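S.K.: My structure is below; once you've seen it, I'll send some questions.
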Amino acid sequence: MRAPPLRTLAVAATAGAGVAAYACVVERNWFTLRRYEVPVLPAGAAPLRVLHLSDVHLTPGRHRLLSWIRSLHTLDPDLVVNTGDSIAHKHAVQPFLAALGPLLDRPGVFVYGANDLFSPIPKNPLRYLYETEDQAHRRHIPDLPWADLGESMAAAGWLDANNHRGWVKAGDLDIEVGGVHDSHMRRDRYDHIAGPTDPAADLRLGVMHSPEPRVMDRFASDGYDLLLAGHTHGGQVCLPGHGALVTNCGIDPQRARGLHRHPAQGEPDRPWLHVSGGLGTSPWAPFRLGSRPEASLLTLVPRIG
């Protein structure tokens, strides 16, 4: 077989370098706000605006990212939900809190992701495509200031929903919240929050970092109306006409980001699921392709019918 001509190889190399530069420099910093309307509230309830943040993976020097997060308070959300992986460096807690700024004065809920506890380590970026939950579970001793992060958000009045159940008042609504720690690292303890939700609640909200079906099935069985998760980075690398190659968890690639139902097929009253594509990346895999970094504004409205 004849080898490709040098010109063809040069063109291919140039194109590859261009795609890599776009993924690392342009798209990684091309933040966008997704907007969704979700029919989950009781009849007659006023709309509720929920800002969903996830996977910031903050490291020093991400000034453009911090500035964009700082601008989100102008959306005037009624509730802020942070589904974890906020930091990726020991000096990232205070810059992250400063970027949240006035959002901390609003009702909020948070859970941790593994990268709030464990600093990122150098590895082949291709491992993102095949790393399993068991491989991710190998680290045991946290080395990031996750407690400082959580204590600061809790001190601002946000509900710590890590393997915890509680209530939040947002707008005119009483919201029952159940949450779990990162199931991708097997720190979830759903048995701590298990049980039917309160039918008197105006909204029953389930919060997690990684959208693992084994956990979401239990939220659905207990009667939650809306589930929020992150972790997937929207696939991080998506191909035209195909979408996400992987999700790095148990959810199917077709639901790697955006608004869906869980389970994907089933009863019409099964919960809504929103998976955030997140705002950052691991510093050891600093690229996005076909999956712009995002935050989401969910406008909750009364159920149809």
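The values are calculated or read from the model by the stated rules, or taken from the named source; none is laboratory data. Every value quoted in this text rests on a predicted model; they were computed, and no experiment measured them. Please note: Cβ atoms are built from the backbone with ideal geometry, for glycine as well, and neighbour counts cover all protein chains shown. We work out accessible area using only protein heavy atoms, side chains counted, and drop any ligands, DNA or RNA first. Shrake-Rupley method; radii C 1.70, N 1.55, O 1.52, S 1.80 Å.
S.K.: Restricting attention to segment 112-131, report how many residues are at pLDDT below 75 and touching a Ser or Thr at 6+ places or on another chain (Cβ under 7 Å).
M.R.: Total meeting the criteria: 0.
S.K.: For segment 69-96, which residues satisfy the criterion of being part of a helix (DSSP H, G or I), open to solvent by 20 Å² or more (accessible area, probe 1.4 Å) and touching a residue at least 40 places away in the same chain (Cβ under 8 Å)?
M.R.: Once the filter is applied, which keeps residues that are part of a helix (DSSP H, G or I), open to solvent by 20 Å² or more (accessible area, probe 1.4 Å) and touching a residue at least 40 places away in the same chain (Cβ under 8 Å), segment 69-96 yields only Leu75.
S.K.: Of all residues being in contact (Cβ under 8 Å) with a residue 60 or more places away in the chain and closer than 14 Å to Met216 by Cα in segment 253-305, which is surrounded by the most Cβ atoms within 10 Å (Cβ to Cβ)? Just the residue, please.
M.R.: Top of the filtered list is Val275.
S.K.: Scan segment 145-177 residue by residue and report those that are under 20 Å from the mean Cα position of the chain (by Cα), part of a loop (DSSP other than H, G, I, E, B) and surrounded by fewer than 20 Cβ atoms within 10 Å (Cβ to Cβ).
M.R.: Passing the criteria: Pro145, Asn163.
S.K.: Would you confirm whether or not segment 178-190 contains a residue that is out of contact with any helix residue (DSSP H, G or I) (no Cβ under 8 Å at 6 or more places or on another chain), under 21 Å from Ala154 (Cβ atoms) and not in a loop (DSSP other than H, G, I, E, B)?
M.R.: The answer is yes; a qualifying residue exists.
S.K.: Which condition number in (1) within 29 Å of Arg28 (Cβ to Cβ); (2) of a type in the set (Asp, Glu); (3) assigned to a loop (DSSP other than H, G, I, E, B) is the one that Asp198 fails?
M.R.: Every condition holds for Asp198 apart from (1).
S.K.: Can I ask one more? Are any residues in segment 97-119 surrounded by fewer than 22 Cβ atoms within 10 Å (Cβ to Cβ) and either in contact (Cβ under 8 Å) with a residue 60 or more places away in the chain or not in a helix (DSSP H, G or I) (or both), and if so, which ones?
M.R.: Result: Arg106, Pro107, Phe118, Ser119.
S.K.: List the number of the failed condition for Tyr22; all other conditions in (1) at pLDDT below 95; (2) more than 25 Å from the chain's Cα centre (by Cα); (3) of a type outside the set (S, T, N, Q); (4) open to solvent by 70 Å² or more (accessible area, probe 1.4 Å) hold.
M.R.: (2)
S.K.: Separate question: Quick test of your reading of the structure: Glu212 fulfils all but one of (1) among the acidic types (Asp, Glu); (2) closer than 17 Å to Asn163 by Cα; (3) out of contact with any helix residue (DSSP H, G or I) (no Cβ under 6 Å at 6 or more places or on another chain). Name the failing condition by number.
M.R.: With respect to (1) among the acidic types (Asp, Glu); (2) closer than 17 Å to Asn163 by Cα; (3) out of contact with any helix residue (DSSP H, G or I) (no Cβ under 6 Å at 6 or more places or on another chain), Glu212 is out only on (3).
S.K.: List every residue pair whose Cβ atoms sit under 6 Å apart, with the two residues 6 or more apart in sequence or on different chains, where the first one lies in segment 235-252 and is more than 19 Å from Tyr22 (Cα to Cα) and the second, anywhere, is surrounded by 15 or more Cβ atoms within 10 Å (Cβ to Cβ) and of a type in the set (Ser, Thr, Tyr).
M.R.: Thr247/Thr232; Cys249/Ser210
S.K.: Related question: Lys90 is checked against (1) of a type in the set (Lys, Arg); (2) farther than 19 Å from Asp148 by Cα; (3) at pLDDT 95 or above and fails just one. What number does that condition carry?
M.R.: All conditions are met except number (2).
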